[in-house]
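Worksheet: the structure to be examined is printed underneath.
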Amino acid sequence: MGARLRVFLTQQQDKTLFQLRTADVPQKVKDRAEVIRLNAHGWYVEKIAAHFNWTLQTVREVLHKWSNLGMEGLWELPGRGAKPTWKDEDIEFLKEALKNESRTYNSLQLVQKLEKERSVKLSADRLRRILKKRVVWKRARKSHKGKQDPIVQETKQSDLDMLQLEAAAGGIDLKYLDESGFCAWSEPGYTYYEIGEQKRLEQTKRRGRRLSIIGLLQLLISFIYGLVIGGVDRKAYIKMMEREAKEAAEIGRPRVIVQDNGPIHRCKEVQELWPHWEKQGLYIFFLPKYCSEMNPIELEWQHIKKDELAGQMFDDELELAYAVIHGVEARGQRGNYTTERLKFNSN
């Protein structure tokens with residue numbers, strides 16, 4: 001067997017690649033930057049491919065392009081075609097508006113803005129084709145980025161990188177904890193349907209109560225979760241953490257739980273248990289405030305909602321729960337990791 005494919009980064013290169021995660025660049029560029037960082041931090045090609053659900057060849061191509069071209073290798077090569085009748089400055093103007101203005105735009109609104117402020121006339125269809133290679137059409141979301149402390153975030157990210165290296169070496173077990181929720185009514189989205197007709201999702205008689213989930217993700221190894229009607233309370237959280245502390249003591253290997261600063265994670269009853277858990281080998285790593293993107297379990301929630309539950313209406317909480325369970329198990333099978341559901345007392 002030949003030598004393992006491995007890249008090495010300077011501290012400045014690693015910092016630059018990390019900053020791309022939140023930069024205004026295509027998602028493919030962000031993914032390639034993360035592939036390079038993971039490889040430099042000790043991840044093998046096979047592990048990276050499984051994490052991104054890519055082929056081994058795709059991962060190798062990304063690493064080879066980095067070795068040969070550096071930062072330039074992260075972007076696609078420019079395509080060929082007819083010379084544009086518009087200027088790059090016009091599209092940059094639109095990109096600045098999309099980035100800096102506190103509103104959203106569709107293609108028709110952008111065409112009107114371009115004609116009014118730049119005297120450039122384009123059809124909405126033409127503009128969509130132009131923007132396709134420069135920006136993406138995706139759902140907007142609420143953000144707390146303006147509340148983040150970049151210094152604290154950078155320090156915490158460095159600490160988390162060290163924990164990930166230690167976990168890759170087998171020195172610790174590293175798990176990511178978070179909570180999320182589901183409801184019986186899905187938001188309408190895009191779907192294939194008969195030409196000239198529109199698909200309608202009939203709402204059920206009652207919206208039902210919120211179904212909450214608390215989960216522990218150990219990348220590529222396991223996903224442990226529990227479901228409750230309503231919100232996840234401190235009792236469910238403590239039960240899950242007590243289980244992790246007991247396992248850590250039995251195995252004899254330190255276990256670190258990465259989590260946010262939610263109220264149930266820092267309540268007085270939980271804080272009183274921290275010394276007891278640490279004696280058993282269970283430690284907690286708190287993420288900086290408003291930095292949920294540092295927790296990979298957030299992607300699990302997104303995929304379950306987008307890939308497994310989207311476009312469905314459920315008659316009651318039980319049917320919704322079965323759908324969530326099936327979705328978690330399906331993702332576990334595709335990702336080749338185990339899933340386990342914990343049951344909490346109803347009282």
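The values are calculated or read from the model by the stated rules, or taken from the named source; none is laboratory data. In this text, all values refer to a predicted model and were calculated from it rather than measured experimentally. Please note: Cβ atoms are built from the backbone with ideal geometry, for glycine as well, and neighbour counts cover all protein chains shown. Please note that ligands, DNA and RNA were not included when accessible areas were found on the heavy atoms of the full protein model with its side chains. Shrake-Rupley method; radii C 1.70, N 1.55, O 1.52, S 1.80 Å.
Only Cα sites of segment 277-346 enter the Debye sum here, all with the same form factor; the resulting log10 I(q)/I(0) across q = 0.16, 0.20 1/Å is -0.81, -1.03, listed in q order. In this rough spin-label picture, where each label sits 7 Å from Cα along the Cβ direction, the Ala23-Asp307 distance is 2.7 nm. Measuring with a 1.4 angstrom probe and ignoring ligands and nucleic acids, Cys267 comes out at about 30 Å² accessible.
Built from the Cα atoms of segment 232-289, the convex hull projects on average onto 3.7 nm², one quarter of its surface area.
For segment 144-159, putting each phi into the Karplus relation 6.51 cos²θ - 1.76 cosθ + 1.60 with θ = phi - 60° gives couplings of 10, 4, x, 8, 6, 9, x, 5, 5, 4, 5, 5, 5, 5, 5, 5 Hz, in residue order, rounded to whole numbers and with x for Gly and Pro. The calculated FRET efficiency for Ile195 paired with Ser123, based on their beta-carbon distance and R0 = 22 Å, is about 0.50.
Where Lys and Arg each count +1 and Asp and Glu each count -1, what net charge lies around Lys175 among other residues with Cβ under 11 Å from its Cβ? Display every interim value, and only then the final one.
On the way: positive: Arg255; negative: Asp173, Asp178, Glu244, Glu247.
With Lys, Arg at +1 and Asp, Glu at -1, the net is -3.
Please give the length that would be gained between Ile251 and Gln333 if that part of the chain were fully extended, namely 0.36 nm times their separation in residues minus their C-alpha to C-alpha distance (nm, one decimal). Mind dumping the intermediate values first?
Numbers: separation 82, 0.36 × 82 = 29.52 nm, distance 2.57 nm.
Value of the extension gain: 27.0 nm.
Counting only DSSP beta bridges whose two residues both lie in the chain, roughly 55 percent are antiparallel.
Tell me the mean residue ellipticity at 222 nm calculated for the chain from its helices only (DSSP H runs of n ≥ 4, each -39500 (n - 2.57), averaged over every residue, nearest 500).
Roughly -14000 deg cm²/dmol at 222 nm, from the helical runs in the chain.
In whole angstrom, how far apart do the alpha carbon centroids of segment 282-341 and segment 1-58 sit? Centre-to-centre distance over Cα atoms comes out at 24 Å. Each residue of segment 23-40 was assigned a 3J(HN,Hα) from its phi angle through the Karplus expression (A = 6.51, B = -1.76, C = 1.60, θ = phi - 60°), giving 7, 8, 9, x, 4, 4, 5, 4, 5, 5, 4, 5, 4, 5, 5, 5, 5, 5 Hz with x at Gly and Pro. Counting only the backbone N, which residues of segment 57-77 are under 19 Å from the spot 7 Å out from the Cα of Phe8 toward its beta-carbon? Once the point is set 7 Å along Cα→Cβ of Phe8, 63-71 turn out to lie under 19 Å by backbone N, inside segment 57-77. A cut-off of 5 Å between modelled amide H atoms, ignoring neighbours fewer than 5 places along the same chain, links Val7 with Ala40. By the equivalent-ellipsoid construction on the alpha carbon gyration tensor, the chain comes out with semi-axes of 38, 29, 20 Å, ordered largest to smallest. Between the residues Gln57, Val111, Leu74, the greatest Cα displacement towards the positive end of the dipole of segment 1-111, with unit charges on the Cβ of Lys, Arg, Asp and Glu, is found for Gln57. The listed residues Trp86, Trp277, Trp75, once ranked by accessible area (1.4 Å probe) with the largest placed first, stand as Trp75, Trp86, Trp277.
Charged neighbours of Tyr290, selected by a Cβ distance under 10 Å, balance to 0 (K, R count +1; D, E count -1).
Sparsely packed loop sites in segment 225-290 (the GluC sites (Glu not before Pro) outside DSSP H, G, I, E and B with at most 10 other Cβ atoms within 10 Å) do not occur. For Asp178, the residues 5 or more places off, or on other chains, whose built amide H falls under 5 Å of its own are Gly215.
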